[in-house]
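Inspection log for the structure reproduced underneath, given as structure tokens.
The values are calculated or read from the model by the stated rules, or taken from the named source; none is laboratory data. It should be emphasised that the depicted structure is a prediction, and the values quoted were computed from it without experimental measurement. Don't worry about glycine lacking a Cβ; one is built from the backbone with ideal geometry, like all the others, and counts go over all protein chains shown.
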Amino acid sequence: MLDTLITSKTRIKLLIRFFLNSNSSSYLRNLETEFDESTNAIRLELNRFEKAGLLISGMERNRKVYRANVKHPLFPDISNIIKKYVGFDQLIEKVMEQLGSVEKAYITGDLALGRDTKRIDLLLYGTDIDLEYLDQLAQKTAGLIQREIHYTILTDYDPEEFKKTYPKAFVVWKTSKEN
């Protein structure tokens, strides 16, 4: 659907890269390798996004590094659109309604790095999770959103060890008691 509204594939890749996970940052040459596209096409879109205030940049070791401008008034809206495009909204709400005692859900893997991929790596932290239901739901949702869904269940949680193992993971859902 998003590719109907936005015809530039490079623009879509950049939106996913920077607006799916607001902690994501990158520089031109890295994006060239990641997207397998010319630097000119990528630079043009980066400049447009920066001029519009959607991206901000800074220098890190002689490289111009870009990241989403989370203070831009449209950031939450664009981020939500990207999450819907990727399929998070459908997956997370359906899973959490009837799954069991899930305290947090994280996205890991390539999507956590802001890379568009046909695979969603989901990590659930909780107890008494209905694995049979989770498997059925993951298969059903994968068919709806045209992406593979792989999940991992954590029953024990050490925040420091978690950050070492999953440095780019980000929370996509948490219980209301966590707010």
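Selection of region 23-65 for residues being touching a residue at least 60 places away in the same chain (Cβ under 8 Å) and not acidic (D, E) yields N23, S24, S26.
Applying the condition of being in contact (Cβ under 8 Å) with a residue 60 or more places away in the chain and part of a loop (DSSP other than H, G, I, E, B) to region 111-147 and asking which residue is surrounded by the most Cβ atoms within 10 Å (Cβ to Cβ) yields G114.
The set of residues in region 42-59 that are out of contact with any strand residue (DSSP E or B) (no Cβ under 8 Å at 6 or more places or on another chain) and surrounded by fewer than 17 Cβ atoms within 10 Å (Cβ to Cβ) comprises R43, L44, N47, R48, K51, A52, G53. Restricting L122, L99 to residues that are touching a Leu at 6+ places or on another chain (Cβ under 7 Å), closer than 16 Å to H150 by Cα, at pLDDT 80 or above and of a type outside the set (S, T, Y) narrows the list to L99.
Quick one: would you say N62 is closer than 28 Å to S26 by Cβ, surrounded by fewer than 18 Cβ atoms within 10 Å (Cβ to Cβ) and modelled with pLDDT under 90? For N62, the condition - closer than 28 Å to S26 by Cβ, surrounded by fewer than 18 Cβ atoms within 10 Å (Cβ to Cβ) and modelled with pLDDT under 90 - is not met.
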